[in-house]
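Trainee: Pasting a structure here, questions to come.
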Amino acid sequence: MGNCVGNSSRRRSLDHSSNSSRARNQNSLPQNTIVVISEQQNSAQPRANRAQLQNSPEANQVQIDSTIYKATAKLENYPENPSIYFLDFLFSTRRNCRITIYYFAKDIFDPIQNTYYFYVDPEKYPPPESHYFEPGDRQHFSHLSPIEIGRFSDDELDFKDKKTFPVIIEMTPESETMPQILTSYFKICKSEDQYSLTCLRQKISINGVIHELKDLYGYKSEGLECSICLTEKKEMVVLPCNHACLCAACAEHLKADAKKLCPICRGPIRQILKLSEVSA
């Protein structure tokens, strides 16, 4: 059995010409806000308690200091060695930020320390690496944290055991007042000789409270007015389709409707949550 591995950091110089865009003035960056369905919990709570959060009455808008554009995450082949791949993705950060890459790590709760940590078996998998970036919008994480994918089985790459995450990207911006950690979990999909990344889940820890992130649909892209009355502001979220489309009054009418169908996709409604804000 291997030992618990922490952030085995390897500091690299900030080469913005190759690995990221030139850092801009921090005040010029757009304000990052992710609108999510948030299953809140204190980091000291065991994972077994998370099932109780399914009936949380609120969804949350989480304003964050750093974000990864998860749709851009991919694996790039190293031309001089076809067996070596590098992580490649875009990200933004309003503060100096540490990005730590874990390969094949388990997310484990420590009841003694009342916290979660990542466990990597050093006898089987590469150690974590940390990289440091200055503030900047849509920076490019590229040609860092190499991995020899051919060493691992298809089951390991595809997250078959549901415990060992093939790729974890952890973003930790510097903050003295409101500490945040944004964590993105990926599996590696293989198609013939090509490899790609699929995001399994995301969570953000703000001041020790963990929010499980699930993207909402239609909150701003389709206007702020309720999809039924077209006058009042949207403030309710429909599950499980995740459409933010209702005002409070129309949500109450919809709850009384026998069919209980989402007004956007006409899918069945399991639950309706109220939007709120979690500022950071």
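The values are calculated or read from the model by the stated rules, or taken from the named source; none is laboratory data. Computed from a predicted model, the values in this text were never measured in an experiment. With ideal geometry, Cβ positions are generated from the backbone for all residues, glycine too; neighbour counts draw on all protein chains shown.
Trainee: Pick from GLU148, GLU129, GLU134: which is touching a residue at least 40 places away in the same chain (Cβ under 8 Å), among the charged types (D, E, K, R), surrounded by 17 or more Cβ atoms within 10 Å (Cβ to Cβ) and assigned by TED's automatic domain parsing to the domain that holds TYR103?
Mentor: GLU129
Trainee: Can I ask one more? Which residue pairs have Cβ atoms closer than 6 Å, lie 6 or more positions apart in sequence or on different chains, and pair a first residue in segment 156-167 that is free of Cβ contacts under 8 Å to residues at least 40 places away in the same chain and assigned by TED's automatic domain parsing to the domain that holds ASP121 with a second residue that is buried (at least 20 other Cβ atoms within 10 Å of the Cβ) and of a type in the set (A, V, I, L, M, F, W, C)?
Mentor: So the pair list comes out as LEU157/ILE188.
Trainee: Identify, please: which residue in segment 153-201 is of a type in the set (Lys, Arg) and within 18 Å of the chain's Cα centre (by Cα) and is, among those, nearest to TYR102 (Cα to Cα)?
Mentor: LYS187
Trainee: On to the next question. Which one is nearest to GLN63 (Cα to Cα) among residues in segment 224-280 that are in a loop (DSSP other than H, G, I, E, B) and of a type in the set (A, V, I, L, M)?
Mentor: It comes out as ALA280.
Trainee: Please go through segment 75-87 and give me each residue that is out of contact with any Phe, Trp or Tyr (no Cβ under 7 Å at 6 or more places or on another chain) and touching a residue at least 40 places away in the same chain (Cβ under 8 Å), ordered by number. Let's see the steps before the verdict.
Mentor: Going through segment 75-87, the residues out of contact with any Phe, Trp or Tyr (no Cβ under 7 Å at 6 or more places or on another chain) turn out to be 79-83.
Within segment 75-87, SER83 is the sole residue that qualifies.
Trainee: Pick from segment 195-204 the residues that are among the aliphatic types (A, V, I, L, M) and modelled with pLDDT of 90 or more: which of them is nearest to ILE272 (Cα to Cα)?
Mentor: Only one residue fits best here, namely LEU200.
Trainee: For segment 59-69, does any single residue satisfy the condition of being surrounded by fewer than 18 Cβ atoms within 10 Å (Cβ to Cβ) and at pLDDT 90 or above?
Mentor: Within segment 59-69 (the criterion being surrounded by fewer than 18 Cβ atoms within 10 Å (Cβ to Cβ) and at pLDDT 90 or above), the answer is yes, since at least one residue qualifies.
Trainee: So in segment 205-263, with the set limited to residues that are at positive phi and among the polar types (S, T, N, Q), which one is modelled with the lowest pLDDT? Give the steps one after another, and end with the answer.
Mentor: We begin by selecting, within segment 205-263, every residue at positive phi; these are 207-208, 218, 223, 230, 242, 260.
Checking the rest, the ones that are also among the polar types (S, T, N, Q) come to 207, 242.
Details: ASN207: 79, ASN242: 85.
If we take residues in segment 205-263 being at positive phi and among the polar types (S, T, N, Q), then ASN207 is modelled with the lowest pLDDT.
Trainee: Return the residues of segment 197-221 that are of a type in the set (Asp, Glu) and loosely packed, with under 15 Cβ neighbours inside 10 Å; say none if nothing qualifies.
Mentor: ASP215
Trainee: Say whether the condition of being assigned to a strand (DSSP E or B) and either on the phi > 0 side of the Ramachandran plot or charged (D, E, K, R) (or both) is met by at least one residue in segment 108-125. Before the answer, list the steps.
Mentor: Our first condition is that a residue be assigned to a strand (DSSP E or B); within segment 108-125, this holds for 108-110, 115-120.
If we keep only those that are either on the phi > 0 side of the Ramachandran plot or charged (D, E, K, R) (or both) too, we end up with 110.
Checked segment 108-125: at least one residue is assigned to a strand (DSSP E or B) and either on the phi > 0 side of the Ramachandran plot or charged (D, E, K, R) (or both).
Trainee: Looking only at residues that are without any contact (Cβ under 8 Å) to a residue 24 or more places away in the chain and small (Gly, Ala, Ser) in segment 245-262, which one is nearest to GLY218 (Cα to Cα)?
Mentor: ALA251
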